[in-house]
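These notes are about the structure you will find just below.
Quick note: the coordinates plus some simple rules give every number you see, no bench work behind them. All figures in this text were calculated on a predicted structure; none of them were measured in a lab. Note that each Cβ is placed from the backbone with ideal geometry, even for glycine, and that neighbours are counted across all protein chains shown.
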Amino acid sequence: MPSQQYLIVFAQAHEDFRVPELLSIAELYGFPLNIENDIDPSRPFGVLDLEKEEHVRLLARRCILIKSVYELYAKGCTYEDVHRQNRASRHLWEKYIPNTSFKFVVNGYNHSISKARQRQVIEDFSYMGFMGTIDLLNPEVTLGCFEEYPNGHRTVRLEHKGASEFRDVFFGRLLEQGSARPLIQTFDVKKRQYFGNTSMEAEISLLMANQTLASPGKLIYDPFIGTGSMAYTTAHFGAFVFGSDIDGRQMRGKEAQPGIMRAAAQYGVRQRILDLCTFDITRNPWRCGGLFDAIITDPPYGVRAGAKRLGRKKERVADSPLPPQPRTDVQQYVPPTKPYELSALAADLVILARYLLKPGGRLVFFLPTVIDEYKELDLDSVLCDGMQVIANSLQDFGAWGRRLITIRKATSRSYPPPTFDSQPVPPALRDGDAEREGNPSSPIHVPAHRDFREKYFQGFKKPSDAGPS
Amino acid sequence: MVRLITHNLLACHAKGCTTNNFPLKLTDVKLALREADFNPDFLRGFLPRVEWDALIQASREIGDTSLPVERPEMLDDDLLRQLHHVLLEIHIDEGSMTCPNCGHVYPISNGIPNMLLAEHEIW
Ligand SMILES: C[S@@+](CC[C@H](N)C(=O)[O-])C[C@H]1O[C@@H](n2cnc3c(N)ncnc32)[C@H](O)[C@@H]1O
Ligand SMILES: [Zn+2]
């Protein structure tokens with residue numbers, strides 16, 4: 001099958017999420033997408049080889065990080081190159097020569113291009129001989145020329161200087177503007193009927209929903225649903241959603257009508273929120289496993305909402321039986337809880353997902369981490385047999401960040417329900433953390449997310465920064 | 001909310017309560033009917049997960065007798081519509097779910113069931 005090249009113009013955000021999103025949406029629609037090394041995630045332009053134009057259009061309609069997509073006519077690091085290729089692509093554009101209205105846009109990335117130079121660039125394409133009228137408002141065809149300059153190029157300089165120091169020029173015909181991107185406004189937290197201080201920003205909630213391959217007829221679960229941010233985006237793409245949280249107030253808010261249902265109604269997805277339940281995920285009532293197509297969640301890491309589970313800080317001595325407590329008003333009863341350390345929680349979550357997911361189902365969740373300490377090895381402490389990491393994208397906040405991890409249940413075996421007794425990875429030694437790695441006497445790798453909460457509140461200082469104690 | 005699809009997936013999980021802990025008995029229910037997306041593929045895919053007897057028992061407890069008592073071998077269009085209605089469109093907004101084994105009462109308020117356990121039910 002002959003393939004055609006398409007230019008993807010990415011939004012300037014969340015670079016690390018671009019390729020995983022493309023791959024997820026291609027998988028969702030079941031077409032092959034071979035990216036290999038074609039896309040450098042740090043660059044805002046990517047060229048894809050696809051069998052059908054329809055495929056790039058599907059990407060543009062679903063990928064949050066796509067600004068626009070073009071049929072690629074030429075790409076080169078000099079204009080001679082570009083024009084030579086463009087002439088060779090004549091079969092792609094000659095049908096527009098006779099009487100198609102058109103418009104030309106010239107854009108620079110990391111560099112602004114003066115009107116005069118834009119005119120010059122357009123002029124240089126005149127050999128294409130388009131005879132239709134120029135229509136700036138409603139053209140039948142939009143031709144785009146993009147000059148990509150290296151990062152750090154955006155400095156004040158005389159216009160004529162550096163104008164040809166671009167890295168690449170891309171030229172092609174606009175197929176579609178990315179139509180999923182405006183959903184970021186639709187799901188804006190500030191315009192939502194119900195939200196809280198744990199609500200996830202709209203753009204990330206949408207990216208997460210795409211990682212789950214949400215679509216009509218799928219069943220997706222958020223076990224730490226809070227105020228429901230990802231439930232709305234997931235349901236928007238057609239899936240049915242279940243949610244649960246240890247704290248009913250997070251889901252309900254103050255009015256009788258639960259807050260999540262009010263916000264869901266605002267987005268027209270109320271009936272796709274199948275149900276919300278109050279329970280501790282480590283004491284859950286699920287009758288069986290193999291239920292969900294995906295689990296999407298932002299687990300508590302103790303910074304804004306408590307990471308907790310039912311229990312007491314000190315385990316009760318076995319032979320002091322509890323007096324049975326009559327429960328007059330169950331809604332009011334708040335059982336005691338104990339803290340839930342992040343490395344134990346993350347390991348439990350993956351085991352739980354392996355139990356609750358259907359074969360091939362996905363777990364999509366955030367793992368907060370310390371940027372300087374993070375190692376790829378950190379994920380080993382989270383994984384279990386049968387579960388495979390397929391994407392790992394960093395959202396960088398400076399000293400810390402959070403990684404959106406996508407894990408696939410790569411087995412059709414059924415597993416027993418989890419016992420929720422994953423032990424926290426042993427804490428790092430007080431001294432010499434750095435040397436620990438290569439030290440054979442301490443073979444256990446301590447992931448950076450261990451004790452994230454404590455590290456967060458200490459401002460991510462290394463023990464050695466703390467001065468004499 | 002609570003829909004019967006959910007009810008069909010929830011078992012009592014109090015400490016030591018591992019047999020006869022399903023289905024939870026529905027009482028004092030306040031019902032509402034709300035339309036939902038009809039998706040035959042979803043229903044066919046979900047059917048193998050359904051505990052049929054529990055679904056029949058629960059639907060009769062709340063006054064719906066549209067489904068056949070025997071688990072159907074084949075799902076024709078009529079049956080799919082009925083199953084869709086029973087699983088997804090009947091909502092229990094208030095009421096209780098009681099464990100047939102240990103008697104734990106899980107209350108439903110404003111459509112959200114409280115499945116939390118008390119301290120003495122955990123250890
Ligand atoms: C980071 S917040 C999730 C926020 C959510 N994505 C939103 O949009 O609001 C984590 C949630 O986990 C809940 N949680 C903490 N420990 C839990 C546990 N053991 N079981 C279930 N939920 C728990 C908290 O009540 C909190 O609502
Ligand atoms: Zn029970």
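Calculated mean residue ellipticity at 222 nm for chain A: -6000 deg cm²/dmol, from DSSP H runs with n ≥ 4 weighted as -39500 (n - 2.57), summed, divided by the residue count and rounded to 500.
Counting, for every residue in B:9-17, the Cβ atoms of other protein chains within 10 Å of its Cβ and taking the mean gives 4.
Bridgeable aspartates and glutamates around A:Lys461 (alpha carbons under 12 Å apart, same-chain partners fewer than 8 residues away excluded): A:Asp372, A:Glu373. The spread of Cα positions in the range A:215-301, taken along each principal axis and listed from longest to shortest, comes to 31, 30, 24 Å. Largest first and in whole Å, the equivalent-ellipsoid semi-axes of the protein assembly as shown read 50, 32, 20, each the square root of five times a Cα gyration tensor eigenvalue. Would you please classify the overall shape of the range A:1-51 from the alpha carbon gyration tensor, given that a ≥ b ≥ c denote the square roots of the eigenvalues, rounded means a/c under 1.5, and beyond that prolate means a/b larger than b/c while oblate covers the rest? Oblate, because a/c is 1.5 or more while a/b does not exceed b/c.
Can you return the aspartates and glutamates within cross-link range of A:Lys308? Criterion is Cα-Cα under 17 Å, with same-chain partners fewer than 8 residues away left out. Cα-Cα hits under 17 Å: A:Asp222, A:Asp245, A:Asp247, A:Asp280, A:Asp298, A:Glu341, A:Asp348, A:Asp421, A:Asp451, A:Glu454, B:Glu119.
Within the same chain, lysines fewer than 8 places from B:Lys30 are excluded, and of the rest, none has a Cα less than 17 Å from its Cα. Here each label is just a point 7 Å from Cα along the line to Cβ, and for B:Thr19 and A:Gln12 those points are 6.8 nm apart.
What the pair-distance distribution of the range B:2-117 shows, using all Cα-Cα distances binned every 5 Å from zero, is 2, 12, 22, 24, 19, 13, 7, 2, 0 percent.
Based on Cα contacts under 8 Å between residues 6+ apart, chain A shows a relative contact order of 11 percent.
Values of log10 I(q)/I(0) for the range B:50-115 across q = 0.14, 0.18 Å⁻¹ run -0.50, -0.76, by the Debye formula with one identical scatterer at each alpha carbon and no solvent.
Residue by residue along A:280-291, Cβ atoms of other protein chains within 10 Å of the local Cβ number 5 on average.
Just check the range A:4-177 against the gyration tensor rule for me: Cα atoms, a ≥ b ≥ c as the square roots of the eigenvalues, rounded for a/c under 1.5, and otherwise prolate or oblate depending on whether a/b exceeds b/c. It comes out oblate by the Cα gyration axes.
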